Amino acid sequence: MRQTRTFAVIGLGRFGAAVAETLVEQGLEVLAIDNDGDKVDQMSDRVTHAVQCDATDERALRAVGIENVDVAVVSIGEGIEASILIVMTLMDMGVPEVIAKAVTVKQGKVLEKLGVARVVYPEREAAVRLAHGLAIPNQLEHLELAKGFALVEMPLPSRYGGMLLRETMIRSRYDVNVVAIKRAPDPITGQQPGGQEEVNFQPAPDDLLRDGDVLLVIGHETDLKRLQEEA
Ligand code: ATP
């Protein structure tokens with residue numbers, strides 16, 4: 001059986017604290033570190049271990065056994081020097097996956113050069129997601145897969161209610177792929193139609209679409225927008 005990965009979160013600001021809490025909610029083991037005793041106290045009953053230490057101090061990091069974690073998230077926005085030092089120390093110690101938060105693109109570039117597995121820009125990423133969400137009306141979720149391409153969750157456009165998937169010609173007309181259909185319950189019985197799964201991950205050409213269904217669609221942003229907007 002594959003062993004569950006263990007995590008450390010260094011820097012318990014809003015972002016770091018939310019990462020640590022969410023990992024714990026998923027049943028994962030988290031070592032939370034901050035040099036501010038109040039932050040550590042606030043987290044102590046929510047994570048597996050919460051430790052007050054200066055993470056730029058290699059000996060302190062060793063003392064808490066950081067080299068045993070599989071993934072470390074360094075979430076220190078201000079003070080890029082501290083981030084750099086901590087990231088370098090973690091990598092020298094052989095922590096297999098280091099993820100670092102950056103506030104500016106310059107910071108991100110420096111962290112990438114150090115060889116971190118991933119740089120996250122929480123504010124920028126939230127802003128981009130919001131803007132994408134606003135640009136394509138009605139969509140419920142938007143996940144950018146590559147520049148210009150996305151997986152979106154959208155209510156079935158009303159013009160397709162009652163049609164078979166193949167009759168809609170969505171794929172050929174819009175160059176997008178319907179990868180799943182979330183089923184609306186039968187309007188009369190309130191049950192899922194024909195014993196089907198609530199989420200149909202293998203949509204077939206003869207699947208019937210009904211008002212209230214939700215589609216998961218992959219494609220180029222402009223094509224997704226066309227699909228959603230055309231009457
Ligand atoms: P957010 O926006 O997520 O709230 P932030 O970018 O404002 O966070 P900072 O205030 O820069 O975050 O730092 C995040 C946390 O990192 C703080 O709680 C701070 O005490 C902690 N921190 C800063 N330097 C160190 C360090 N050398 N060792 C351990 N913790 C540190």
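The values are calculated or read from the model by the stated rules, or taken from the named source; none is laboratory data. Please read these numbers as outputs of a predicted model, since none were measured by experiment. Backbone-built Cβ (ideal geometry, glycine too); neighbour counts: all protein chains shown. Heads up: the accessible areas ignore ligands, DNA and RNA and are worked out on the full protein's heavy atoms, side chains in. Shrake-Rupley method; radii C 1.70, N 1.55, O 1.52, S 1.80 Å.
About the centre of its Cα atoms, the chain shows a dipole size close to 620 debye [charges on the beta carbon of Lys, Arg (+1) and Asp, Glu (-1) only; nearest 20 debye].
The fraction of accessible area contributed by carbon and sulfur in the stretch 93-148 is 57 percent, rounded to a whole number (1.4 Å probe; ligands and nucleic acids excluded).
When only alpha carbons of the stretch 126-229 are considered, Rg and Dmax amount to 13.7, 43 Å.
What do the square roots of 5 times the Cα gyration tensor eigenvalues come to for the chain, in whole Å, largest first, as semi-axes of the equivalent ellipsoid? Spell out each step's value before the answer.
Details: eigenvalues 395, 84, 44 Å².
The equivalent ellipsoid of the chain has semi-axes of 44, 20, 15 Å.
Full extension of the segment from E29 to Q3, taken as 0.36 nm per residue of separation minus the current Cα-Cα distance, would add 8.2 nm. With R₀ fixed at 22 Å, the C-beta to C-beta distance from L130 to R46 puts the FRET efficiency at about 0.20. Kindly identify the stretch 2-65 as rounded, prolate or oblate by the Cα gyration tensor criterion: order the square roots of the eigenvalues as a ≥ b ≥ c, call it rounded if a/c is under 1.5, otherwise compare a/b with b/c, prolate if a/b is larger, else oblate. In terms of gyration-tensor shape, oblate.
Scattering from the C-alpha atoms of the stretch 74-135 alone, worked out with Debye: what is log10 I(q)/I(0) at q = 0.20, 0.24 1/Å? Those come out to -0.71, -0.91, one per q. From its DSSP helices (H runs of at least four residues, each -39,500 (n - 2.57)), the chain gives a residue-normalised ellipticity at 222 nm of -10000 deg cm²/dmol.
Take V103, project a point 7 Å from its Cα along the Cβ direction, then tell me which residues of the stretch 1-26 have their backbone nitrogen under 19 Å from it. It comes to 10-19, nothing else.
Averaged per residue, what accessible area in Å² does the chain show with a 1.4 Å probe, protein chains only? Walk me through the numbers before you get to the answer.
Details: 13360 Å² over 231 residues.
Accessible area per residue: 58 Å².
Across the alpha-carbon set of the stretch 32-126, the Rg to Rh ratio works out to 0.95, Rh being the Kirkwood radius.
Within the set K39/K106; K101/K147; K39/K182; K113/K225; K101/K182, which residue pairs have Cα atoms separated by over 32 Å?
Details: K39/K106 28 Å; K101/K147 21 Å; K39/K182 41 Å; K113/K225 36 Å; K101/K182 34 Å.
Where the Cα-Cα span goes over 32 Å, the pairs concerned are K39/K182; K113/K225; K101/K182.
Estimated at 0.36 nm per residue, the fully extended path between F149 and M88 surpasses their Cα-Cα distance by 18.6 nm.
Calculated FRET efficiency, R14 and R171, Cβ-Cβ r, R0 45 Å, to nearest 0.05? Please list the in-between numbers first.
Details: r = 42 Å, r/R0 = 0.93.
Using R0 = 45 Å, I get an efficiency of 0.60.
Taking the Cα centre of the stretch 6-120 as origin, sum charge times position over the Cβ atoms of Lys and Arg (+1) and Asp and Glu (-1), and report the length of that vector in debye to the nearest 20. Could you put the intermediate results ahead of the total?
Working: 10 positive and 18 negative charges, 93 e Å.
The calculated dipole for the stretch 6-120 is roughly 440 debye.
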